[in-house]
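Visitor: Input: one structure, supplied below.
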Amino acid sequence: MNKHSFKEWLIAVRPWSFPASAMPVIVTLGYLFWSGADVNWVNGIWALLNIIVFHAAGNAWSDYFDYRTGVDAADTFGVHTLTEGQFTPREIYRLAVGLLIAALAGGLGLLWRSGWPLLYIGLLGALFTVAYPSLKYRAWGDAVIFVTYAILPTLGTSYVAAGYWEWNVLWIALPVGLITVAILHANNTRDIQTDRRAHIRTLAMLLGGRTSILLYCFEILFPFLWVPVCALTGLFPWWSVLILPALLPAIGNVRMAQRFEMESAAGIARLDEQTAKLQMLFSLLFALSFLLAACVS
């Protein structure tokens, strides 16, 4: 096995994508604090770190199968840890399995600290992580990502941090989850041609380029309507409109997405990465709004 630096191993798990898994947990903790729950911060931080490890495992697992099935090749976009020979498939496979074992061990620790009902969240998360490549190749990737990185982390965090299922966190899961799904959708829209060559199906392929871009724009813009409406109905505090400054980079992403018709894949080569940055800004402002609302009430 070749020797690799820590930086190379870090790049191999695509850390720029981690906001997709971390932000639902952070926003949920902010919401619980605002709602008056007795937050167990140790469990909350534990859950945050654990889902990031799960995400890293999922990234490596997906990259391994994308390479083996020909989805990722020398001329595709994204991280080229395998296609350029930086790592061997065996190394990435072992990395994925090792991280998955670490995440499962961390999950067992949370299970011991919080209770058996968490087992359902953990089992579903592990199942979707392992099955994700197969489901992605059959156009179910968007749905799986929404469940795995929106519904499960918000509900799971509510249970481990508050000690009960707080179903109202699903109001949070929708806007945060839509932007998360937009990260994948941007990636799949960019890769329509190369994915077709690999004989797989994604939602972007089924919709076609123009409709896929429209769906992407909806996914990143609708949250800016959803949050103020929820504030108006009392589901969120008025402070939640603090997310509105993130509308500026969202509009920038819309403009980048519109390049797809003129410049094809090259025009949106970094749209997935830019969407992950949008996710982080939106969610941090969203979480901060709950903390401010709790502090001034």
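Visitor: Take residue 6 and decide whether it is among the aromatic types (Phe, Trp, Tyr) and either at pLDDT 95 or above or touching a helix residue (DSSP H, G or I) at 6+ places or on another chain (Cβ under 9 Å) (or both). So that I can check it myself, show each step before the final result.
Guide: Numbers: among the aromatic types (Phe, Trp, Tyr): yes; either at pLDDT 95 or above or touching a helix residue (DSSP H, G or I) at 6+ places or on another chain (Cβ under 9 Å) (or both): no.
The answer is no for residue 6.
Visitor: Moving on to the next point. Residue 60: hydrophobic (A, V, I, L, M, F, W, C), crowded, with 20+ Cβ neighbours inside 10 Å and out of contact with any strand residue (DSSP E or B) (no Cβ under 8 Å at 6 or more places or on another chain), yes or no?
Guide: So residue 60 fits the description; yes.
Visitor: Could you tell me which numbered condition residue 217 fails, if it satisfies all but one of (1) surrounded by fewer than 22 Cβ atoms within 10 Å (Cβ to Cβ); (2) at pLDDT below 95; (3) over 28 Å from residue 167 (Cβ atoms)?
Guide: Result: residue 217 fails condition (2) only.
Visitor: Something else: Collect the residues in the stretch 1-45 that are exposed (fewer than 13 other Cβ atoms within 10 Å of the Cβ), in a helix (DSSP H, G or I) and either of a type outside the set (Lys, Arg) or in contact with a Cys (Cβ under 7 Å, 6 or more places away or on another chain) (or both), keeping them in residue-number order.
Guide: The answer is 6, 10, 41, 42.
Visitor: Restricted to the stretch 238-253, and to residues that are among the β-branched types (Val, Ile, Thr) and more than 19 Å from the chain's Cα centre (by Cα), which residue is farthest from residue 194 (Cα to Cα)? Explain how you work it out, then say what you get.
Guide: We begin by selecting, within the stretch 238-253, every residue among the β-branched types (Val, Ile, Thr); these are 241, 243, 251.
Then drop every residue that is not more than 19 Å from the chain's Cα centre (by Cα), which leaves 241, 251.
On the way: 241: 40, 251: 27 Å.
Selected residue: 241.
Visitor: Mind checking which residues of the stretch 68-89 are over 19 Å from residue 183 (Cβ atoms), touching a residue at least 12 places away in the same chain (Cβ under 8 Å) and surrounded by fewer than 20 Cβ atoms within 10 Å (Cβ to Cβ)?
Guide: Of everything in the stretch 68-89, those that are over 19 Å from residue 183 (Cβ atoms), touching a residue at least 12 places away in the same chain (Cβ under 8 Å) and surrounded by fewer than 20 Cβ atoms within 10 Å (Cβ to Cβ) turn out to be 68, 69, 70, 73, 75, 83, 86, 88, 89.
Visitor: Identify, by number, the condition in (1) in contact with a Leu (Cβ under 8 Å, 6 or more places away or on another chain); (2) touching a residue at least 12 places away in the same chain (Cβ under 8 Å) that residue 119 doesn't meet.
Guide: That leaves (2) as the condition not met.
Visitor: Would you please name the residue that is surrounded by the most Cβ atoms within 10 Å (Cβ to Cβ), looking only at residues in the stretch 254-263 that are in a helix (DSSP H, G or I) and in contact (Cβ under 8 Å) with a residue 40 or more places away in the chain?
Guide: 257
Visitor: I'm trying to understand the selection: among the residues of the stretch 114-127, which are surrounded by 20 or more Cβ atoms within 10 Å (Cβ to Cβ) and either among the β-branched types (Val, Ile, Thr) or within 16 Å of the chain's Cα centre (by Cα) (or both)?
Guide: Within the stretch 114-127, 121, 125 qualify.
Visitor: Please go through the stretch 167-204 and give me each residue that is over 19 Å from residue 275 (Cβ atoms) and hydrophobic (A, V, I, L, M, F, W, C), ordered by number.
Guide: 167, 169, 170, 171, 198, 200
Visitor: Return the pairs, sorted by first residue and then second, in which the second residue is part of a helix (DSSP H, G or I), the first residue lies in the stretch 127-147 and is at positive phi, the beta carbons are less than 8 Å apart, and the residues are 6+ apart or on different chains.
Guide: Qualifying pairs under 8 Å: 139/203; 139/205; 139/206.
Visitor: Right, another one. Hey, can you tell me all the residues within the stretch 264-276 that are assigned to a helix (DSSP H, G or I) and of a type outside the set (Val, Ile, Thr)? Even if it seems obvious, please write down each step before you answer.
Guide: Here is the first cut: in the stretch 264-276, the ones assigned to a helix (DSSP H, G or I) are 264-268, 271-276.
The answer is 264, 265, 266, 267, 271, 272, 273, 274, 276.
Visitor: Among the listed residues 198, 204, identify the single one that is farther than 19 Å from residue 169 by Cα, surrounded by 20 or more Cβ atoms within 10 Å (Cβ to Cβ) and not polar (S, T, N, Q).
Guide: 204
The values are calculated or read from the model by the stated rules, or taken from the named source; none is laboratory data. From a predicted model like this one, the values you see are computed outputs, not experimental measurements. No Cβ is skipped: glycine too gets one built from the backbone with ideal geometry, and neighbour counts run over all protein chains shown.
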